[in-house]
1. Determine the alpha carbon to alpha carbon distance for each of B:107/B:197; A:154/A:298; A:72/B:107; B:27/C:145; A:129/C:246 and list only those over 29 Å.
2. Near residue A:133, which aspartates and glutamates are there with a Cα under 20 Å away, not counting those fewer than 8 places off in the same chain?
3. At 10 °C and a viscosity of 1.306 mPa s, what translational diffusion coefficient does Stokes-Einstein give for the range C:167-288, taking Rh as the Kirkwood radius over Cα pairs? Give it in µm²/s as a whole number.
4. How much mean residue ellipticity at 222 nm does chain C get from its helices, if each DSSP H run of length 4 or more adds -39500 (n - 2.57) and you divide by all residues, to the nearest 500 deg cm²/dmol?
5. Give me the mean projected area, in nm² to one decimal, of the convex hull enclosing the Cα positions of the range A:101-162.
6. Work out which helices of chain C, taken as complete DSSP H runs, extend at least 30 Å along their axis over the Cα atoms and score a mean Kyte-Doolittle of 1.0 or more, then list them.
7. Hey, got a sec? Which trypsin sites (Lys or Arg not before Pro) in the range B:17-105 land in a DSSP loop and have at most 14 other Cβ atoms within 10 Å?
8. Regarding the range A:280-335, what's the average projected area of the Cα-atom convex hull, expressed in nm²?
Amino acid sequence: MSRPSLLLFIAVGIALLLAPAGAHAKRIELLNVSYDPTREVYVAFNQAFAAHWRAKTGDTVSIRQSHGGSSKQARAVIDGLRADVVSLALAYDIDAIQRNGRLLPADWQTRLPHNSAPYYSTLALLVRKGNPKGIRDWSDLVRAGVSVITPNPKTSGAARWNYLAAYGYALRANGGEAEKARAFVTALYRNVPVLDSGARGASTTFVERRIGDVLVNWENELLLTRQLRPDDFEIVVPSVSILAEPTVAWVDRVVKRRGTEVVARAYLEFLYSPEGQEIFARHFYRPRLPDVLSRYAKQFPEITLFTIDEVFGGWQQAHQDHFADGATFDQIYLR
Amino acid sequence: MSATASTLVHVAAPHRRRTLADPPWLKRILLTIALGFVGLFLVIPLAAVFVEALRGGLRLYGAALTEPDALSAVWLTLLAAGIAVPCNVIFGLAAAWTIAKFDFRGKSVLTTLIDLPFAVSPVIAGLVYVLMFGAQGWMGEWLADRDLRIIFATPGIVLATIFVTFPLVARELIPLMQAQGRDEELAALTLGAGGWKTFWRVTLPNAKWGLFYGVVLCNARAMGEFGAVSVVSGHIRGETNTIPLHVEILYNEYQTQAAFAVASLLTLLALLTMLLKSIIEWRHRRALLAAAHAETRTFAS
Amino acid sequence: MRTPHPESPPPLRTRRHRVLPGFGLTLGTTLLFLSLIVLLPLSAAFIRTAGLTWDEFWAQVTSPRVLASYRLTFGAALAAAAANAFFGVIVAWVLVRYEFPGRKIVDALVDLPFALPTAVAGIALTALYAPTGWIGRALDPLGVKVAYTPLGIWVALTFIGLPFIVRTVQPVLEELEPELEEAAATLGATRLQTLARVVLPALLPATCTGFTLALARGIGEYGSVVFISGNMPLRTEITPLLIVTKLEQYDYAGATALAVVMLVVSFTLLFGVQVLQRWFFSPERHGR
């Protein structure tokens with residue numbers, strides 16, 4: 001390839017600056033803005049959907065992907081990233097798009113089945129082979145001498161689920177006494193030597209740097225780690241955990257403007273189809289369809305799950321009580 | 001012309017003059033400190049990058065570099081640097097001329113403002129463009145009505161790149177041009193040369209190494225910038241990811257080897273620039289050897 | 001801080017210098033670029049904080065966690081810039097004045113911290129300095145912990161800042177007129193005296209510039225530090241991380257409030273060094 005001159009560079013730059021978003025006559029393009037660990041699963045799913053859509057309508061649809069921290073991605077959409085669909089780690093982040101950007105209606109979560117969460121997951125524990133510290137449940141994480149790796153709830157969606165799962169466990173174990181639950185999470189975070197900024201960073205600290213005795217993370221993340229390094233780690237399923245529901249929505253303002261409403265909707269509905277559910281189950285996310293779930297039952301052990309609505313009164317409340325500046329999480333470090 | 005020749009003679013041969021030789025013990029101590037420091041802080045991290053990059057063998061290394069997303073990241077990075085570097089060269093020369101050759105009120109303020117982009121956290125650098133051009137920003141409505149995209153598209157990435165590399169060329173040139181003073185320019189003007197001619201024939205040749213380092217730094221930083229670009233990119237695969245963003249994504253996908261392979265590309269680029277510098281230096285030296293024979297004295301006092 | 005009288009420029013000088021052409025053109029170009037690329041966007045940050053009352057602003061920027069992060073951020077950046085000023089000048093000297101095998105390679109390597117994306121630098125340094133890494137393994141038995149401590153932040157910032165010193169000192173060293181050193185030697189000075197009295201003072205302005213740049217860069221650094229610092233509140237949490245934290249909570253006003261504080265402090269710092277430099281190293285004192 002010959003090296004283009006500077007003038008060409010500048011010309012291209014100016015052209016790009018002035019070029020409108022472009023009209024899509026025959027080929028349809030969708031942009032799916034998602035959170036960090038879903039890249040592989042959406043690569044597989046997008047292929048399946050493209051085939052499905054071509055068979056159904058004859059149109060070619062290509063889906064571009066954008067991945068990053070869940071809140072960061074939501075912020076990009078609010079600030080103008082033209083996402084046709086969003087698939088984020090927490091409903092709170094899509095709520096934020098609604099509140100701060102008014103890009104979709106307030107009742108977005110009721111438009112698709114299961115709270116707009118086509119798959120779910122939970123939080124579990126990963127320990128080193130042989131479980132040298134004898135970790136069985138959340139209560140073992142506050143013992144002296146146990147070092148726990150979990151990301152920073154201020155910057156990571158997964159970390160918020162981690163925190164809420166531990167807090168919810170402590171509430172149940174102590175008959176709903178908030179004071180004792182707070183003491184429990186305080187003791188737990190006192191055992192955390194490193195607060196990584198994201199879920200993958202925490203996994204790396206635990207797996208590659210060999211720091212800590214137990215890693216708290218997404219179940220799908222732990223299953224993936226175990227698949228990559230089967231001889232080094234064991235998964236411990238706690239007695240109870242939280243029902244973690246990553247949610248999806250189409251972004252009304254964008255799809256109306258780009259004329260992609262029909263295909264964006266179909267894309268999300270296809271997540272609920274047997275084919276879509278199968279793909280997600282293969283990538284360690286728990287499917288909603290019972291027969292798909294039963295086929296993968298070996299990989300998803302039975303576990304008692306509580307929801308954020310019943311224990312914390314929804315995301316807005318949970319955020320205000322625990323993660324806002326000066327709330328419970330900050331108190332842990334100020335005491 | 002003679003100024004150029006004398007400069008190069010200094011560069012070529014200062015250490016050969018006997019009176020300038022450091023005592024051997026001092027030389028040994030300084031070399032040990034310098035090489036030890038470079039070894040600890042530069043060589044070992046570099047080695048770590050390449051060891052990781054080649055862990056899966058050469059074929060995987062090649063595959064990581066030729067994958068379409070990687071190629072598109074390389075192209076976008078070249079484009080951003082290709083626009084940012086010339087802009088900063090023009091700005092740097094103008095700023096250095098103003099600050100080094102003239103005295104005026106507010107000079108310290110101006111110099112400080114030029115440095116400011118360095119002190120601004122890259123996160124903030126990206127954020128301010130979002131505050132301006134984002135959907136919620138000052139120009140958001142206006143841009144949306146015209147279907148123009150600045151952030152989460154190439155122009156935003158270029159702007160952020162210019163911002164973070166802004167002071168580099170100017171900062172290299174200012175101390176150098178200040179040290180050289182104004183006498184040579186004044187002499188040229190007295191001899192009847194015009195302003196532009198003086199600039200091209202006297203100022204630019206004198207400042208060329210400073211300019212060169214400035215361009216090298218600016219280019220390296222433009223290609224390696226992560227924080228600011230990350231804020232304005234939108235992370236659309238194959239479209240708005242630069243090399244550093246692509247590296248981060250690969251790392252987050254447990255593709256450590258591919259991540260370091262792509263990162264090593266930037267390192268190789270830096271080494272290549274330095275090779276280029278050596279070649280230019282060598283060719284100039286040869287071409288000017290004759291001139292240096294004829295005339296070794298500077299006309300500047 | 002008081003103005004020394006001898007430093008006020010004599011009127012003669014100003015008149016003489018305006019003899020050079022191009023003042024309007026270059027100043028105009030400089031101001032245009034500066035306004036469009038730097039000042040206008042930065043003013044957006046200031047205006048965003050206007051949404052806060054003074055009390056809210058003050059509470060945001062003086063909470064214990066934020067204060068701890070200032071201490072860490074500025075302290076580590078200062079320590080790293082100081083280390084770089086010392087080692088960087090030696091590296092530059094060795095590169096320009098000595099002939100040794102591998103000089104070209106070392107010269108090329110100096111730019112590495114620039115070319116390496118900061119995230120990669122952070123990952124690579126963490127891998128090296130963690131207790132399981134090449135260097136961390138050697139330090140661990142000595143009881144020295146680097147990764148996930150303030151020391152790790154210092155390592156990252158030293159890495160990031162090195163090219164600034166070397167690359168600002170190097171061109172000045174190359175342009176340094178050997179006649180001065182020769183004269184000193186002829187007048188009977190030992191080599192060490194020549195270095196201390198002639199060479200080092202000549203390098204001081206460039207070293208100062210490099211130091212300031214490394215310091216400023218260190219204060220704002222984010223990408224490499226978050227990997228190696230461990231991000232523990234009150235202990236290893238840097239100010240840029242707090243800004244990101246606030247952004248993740250959609251708290252733009254809070255984030256820009258911290259940004260404004262960092263901007264003002266950095267500006268003051270840079271400006272102070274600038275003024276000092278002008279006093280101490282103005283052309284008259286060089287005897288030109």
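1. The pairs that break the limit, which is 29 Å between Cα atoms, are A:154/A:298; A:72/B:107; B:27/C:145; A:129/C:246.
2. Residue A:133 reaches A:208, A:213, A:231, A:232, A:234.
3. Working: Rh = 17.8 Å.
Here the translational diffusion coefficient equals 89 µm²/s.
4. Working: 16 runs with 203 residues, N = 288.
Result for chain C: -22000 deg cm²/dmol, rounded to the nearest 500.
5. 6.9 nm²
6. C:64-97, C:150-175, C:252-280
7. Numbers: sites: B:17, B:18, B:27, B:28, B:55, B:59, B:101, B:105; in loops: B:17, B:55, B:105.
In loop regions of the range B:17-105 (DSSP not H, G, I, E or B), the sparsely surrounded trypsin sites (Lys or Arg not before Pro) are B:17, B:55, B:105.
8. 5.9 nm²
No lab work stands behind these numbers, since they all come straight from the coordinates. No experiment lies behind these values; they were computed from the predicted model shown. Quick reminder, even Gly has a Cβ in these numbers, built from the backbone with ideal geometry, and neighbours come from all protein chains shown.
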